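Here's the structure we're looking at; comments come further down.
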Amino acid sequence: MEPEEAVRQLEYTIDASLDDVGQRAAASYRPTFERVAERADGGAVYELARQLSATVADGERPSPAAANRRAERVLDDWAYTDGGE
């Protein structure tokens, strides 16, 4: 998954789940998705988008700092299970 697709997925989830404007809120996660894409691959971007979307669907919108922490865990797991770069 490309970072742009991940932002769009999160945008739709925010629109459907929260009283927030998805396009504006999801844009704050773009740098995080781009960093994950640079350090791993589309699978890691997808996993981060999946985790963040699940959190949003549960009614909570993580802060960009929380998304960055989640991204670090995804990247650590990805390197461990995928052999890293």
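Things worth noting here:
- For the range 54-66, backbone phi angles converted through the Karplus equation (6.51, -1.76, 1.60; θ = phi - 60°) give residue-by-residue couplings of 5, 5, 5, 4, 7, x, 10, 10, x, 5, x, 5, 5 Hz, Gly and Pro being listed as x.
- Using the 1.4 Å probe convention, the accessible area of the chain works out to 58 Å² per residue with neighbouring protein chains retained.
- Taking the accessible area of the chain, probe 1.4 Å, and keeping the other protein chains in place, the carbon and sulfur fraction comes to 45%.
- Nearest 10 degrees, 0 to 90: helix 3-17 Cα axis against the chain principal axis: 40 degrees
- Listed candidates (i) 3, 18, 30, 25, 15, 7, 3, 1; (ii) 3, 12, 23, 22, 15, 9, 6, 4, 3, 2, 1, 0; (iii) 3, 15, 23, 19, 13, 10, 8, 5, 3, 1 - label of the one calculated as P(r) over Cα pairs in 5 Å bins from 0, in percent: (i)
The values are calculated or read from the model by the stated rules, or taken from the named source; none is laboratory data. Nothing here was measured: the structure is a model prediction, and the numbers come from that model. Side chains included, ligands, DNA and RNA excluded: accessible areas come from the protein's heavy atoms. Shrake-Rupley method; radii C 1.70, N 1.55, O 1.52, S 1.80 Å.
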